Amino acid sequence: MTKIFARFMKDESGATAIEYGLIAALISVALITGATTLGSTLDAQFQDLSTKMTTADGKF
């Protein structure tokens, strides 16, 4: 029984899978944060362009 317990304590294959899972989760969070920031910036740019085009339309 002690051999089985000792072998179980030395087994690190589950720890490696958890590490890969944490790395994948961190990368996903970074991508989502970047996409959200980029989307907000693009939305502001298009809103500014739309306002300028609407204002310019009345001048012609």
Using a 1.4 Å probe on heavy atoms of the protein chains only, the accessible area for MET9 in Å², nearest 10, reads 120 Å²
Might you report the magnitude of the Cβ-based charge dipole of the chain about its Cα centre, with Lys and Arg at +1 and Asp and Glu at -1, to the nearest 20 debye? 220 debye
For the chain, which trypsin sites (Lys or Arg not before Pro) are in a loop by DSSP, counting at most 13 other Cβ atoms within 10 Å? LYS59
Using 0.36 nm per residue of separation minus the Cα-Cα distance, give me the extension gain between LEU22 and MET53 in nm, one decimal. 6.5 nm
Most fluctuating residue of SER28, SER13, SER40 in a GNM of the chain with Cα springs under 10 Å: which is it? SER13
Calculated from backbone phi, Karplus (6.51, -1.76, 1.60) coupling profile of region 7-14 in Hz, x at Gly/Pro: 5, 5, 5, 7, 6, 10, 5, x
Across region 49-55, in residue order, what do the Karplus-derived ³J(HN,Hα) couplings come to in whole Hz, using 6.51 cos²θ - 1.76 cosθ + 1.60 with θ = phi - 60° and x for Gly and Pro? 5, 5, 5, 5, 5, 5, 5
Out of all Cα-Cα pairs in the chain, roughly what percent, to the nearest whole number, are more than 13 Å apart? 76 percent
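The values are calculated or read from the model by the stated rules, or taken from the named source; none is laboratory data. Model, not experiment: these values are computed from the prediction. FYI the Cβ positions are ideal-geometry reconstructions off the backbone, even for glycines, and counts take in every protein chain you see. Accessible surface is based on the protein model in full, side chains and every heavy atom, while ligands, DNA and RNA are left aside. Shrake-Rupley method; radii C 1.70, N 1.55, O 1.52, S 1.80 Å.
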